[in-house]
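Contents: one structure, followed by commentary.
Each reported figure results from applying straightforward, stated rules to the coordinates on display, with no laboratory input. Quick caveat: nothing in here was measured; it's all calculated off a predicted structure. Counting neighbours? That spans all protein chains shown, and the Cβs are built from the backbone with ideal geometry, glycine included.
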């Protein structure tokens, strides 16, 4: 008779840590807690300051707080990691569920898992390999993930990456669930645009999230002159922190003469402020050069906003071309411009919104809990 799943220990970031993985951990914890006894262990120290110089925490919205969270784990202190592992062992969990997204965590996770070798371990892989590759990343990833008993990947590409280092991995590929928790007040487009100083007649495009080279913002900026030629009332919002290459983007904005039709918000956006940008937008743009999956798509879907994105990584797994958005080849600026213009010229907003609503169950957190349960059975 197979063991029944009763007690789970989750390990991952949660509020006040910033970023999509913290939101993901919290949402999955809440869903699993409906059915199981779940303990949540987060980080006392996630990244050393010399590695991650930007603020790691945001205390502006206590709605995201998980009261049960225990902030125990210092990823750079072996003594602390051993102590945390022993505390987990005392709980005698049926399952340890860990978030994986970067090889930085390899030494910490390896120490943990060596001490928890009698526990069943399930990794949720947000990225098997990091977006920005570096020497030794594959070795560190393999060293860690080979200790897992089961895996959830969120794109077919990531499943292939996993099998390249753990050939016999028991793996389920599941789409990233929708983030619906940011729509606090169901703000109208009119109210959002008034707050942001955007005319209500504008056709508003949104690029949202940390600005990194692989996210392809340069392609969207280069596509904008073509978009504006056919849609003179288009406006682009670029909302998210820039890295050290900010000047490169400003140069393109100047060269393409985009200043008059562009709203640039170069800062981290607290959870409570996210809704106004999505509520004000008509179409969310992801011109990525590479991707595994993206939480931005799921934030957009949480606001019932369609997406124009590139056909890379796991994006085609979640965006239904011509129904919930458009997919175009990566790096094809004219095709991106054509998709944006087509959306407005064919007046697809309401049709796409209805299609997104109809896919709610596919992207539910309940569905993700069912995947965890399915893997539990496979791991016996």
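Pull out the extension gain between residue 201 and residue 364, defined as 0.36 nm times the separation in residues minus the alpha carbon to alpha carbon distance; nm, one decimal.
Extending this stretch completely gives an extra 55.4 nm.
Modelled label-to-label distance, residue 44 and residue 87, 7 Å Cα→beta-carbon offset: nm?
0.7 nm
Select one label from (i) 69, 57, 53; (ii) 57, 56, 35; (iii) 63, 43, 40: the one whose number is Cα extents along the principal axes in Å as derived from the coordinates shown.
The value computed from this structure is option (iii).
Peptides 134-141, 362-369, 305-312: what's the order by average Cβ count within 10 Å, highest mean first?
Working: 134-141: 14.6, 362-369: 16.9, 305-312: 24.0.
Top of the packing list down: 305-312, 362-369, 134-141.
Sort 206-216, 72-82 by the packing proxy (mean of other Cβ within 10 Å over each peptide's residues), most packed first.
Ranking, from highest mean packing down: 206-216, 72-82.
In whole angstrom, note down how far apart the Cα centers of the range 114-137 and the range 1-77 are.
16 Å
For the range 273-294 and the range 318-380, compute the distance between their C-alpha centroids and round to whole Å.
After rounding, the separation between the Cα centres reads 12 Å.
Return the equivalent ellipsoid semi-axes of the range 189-361 as a descending list in whole Å, where each equals the square root of 5 times an eigenvalue of the C-alpha gyration tensor.
Values for the range 189-361, descending: 21, 18, 17 Å.
Sort largest first and round to whole Å: the equivalent ellipsoid semi-axes of the range 277-380, each the square root of five times a Cα gyration tensor eigenvalue.
They are 27, 17, 10 Å, listed largest first.
Give the calculated FRET efficiency between residue 136 and residue 160 to the nearest 0.05, with a Förster radius of 22 Å applied to their Cβ-Cβ distance.
It comes to 0.60.
Using just the helices of the chain, give the 222 nm mean residue ellipticity in deg cm²/dmol: DSSP H runs with n ≥ 4 each add -39,500 (n - 2.57), and the total is spread over all residues, rounded to 500.
Details: 14 runs with 148 residues, N = 380.
That calculation yields -11500 deg cm²/dmol at 222 nm.
For residue 268 and residue 72, FRET efficiency with R0 = 25 Å and r from the beta-carbon atoms, rounded to 0.05?
0.45
Given an 8 Å cut-off on Cα distances and at least 6 residues of separation, report the relative contact order of the chain as a percent.
Worked out over the chain, it gives 16 percent.
Top mean-square fluctuation among 51, 327, 32, Gaussian network model of the chain, C-alpha springs under 10 Å?
51
I need 224, 157 ordered by Cβ neighbour count within 10 Å, fewest first.
With the sparsest Cβ surroundings first, the list reads 157, 224.
Output the 0 to 90 degree angle, nearest 10, between the alpha-carbon long axis of helix 156-165 and the longest principal axis computed from the alpha carbons of the chain.
40 degrees
So how do 271-277, 217-223 stack up, highest first, on mean other-Cβ count within 10 Å?
So the peptides 271-277, 217-223, ranked by packing, come out 217-223, 271-277.
R0 = 30 Å: FRET efficiency of residue 191 with residue 346, Cβ-based, nearest 0.05?
0.65
Which of 246, 18 has the fewest other C-beta atoms within 10 Å, and how do the rest follow up to the most?
Result, fewest neighbours first: 246, 18.
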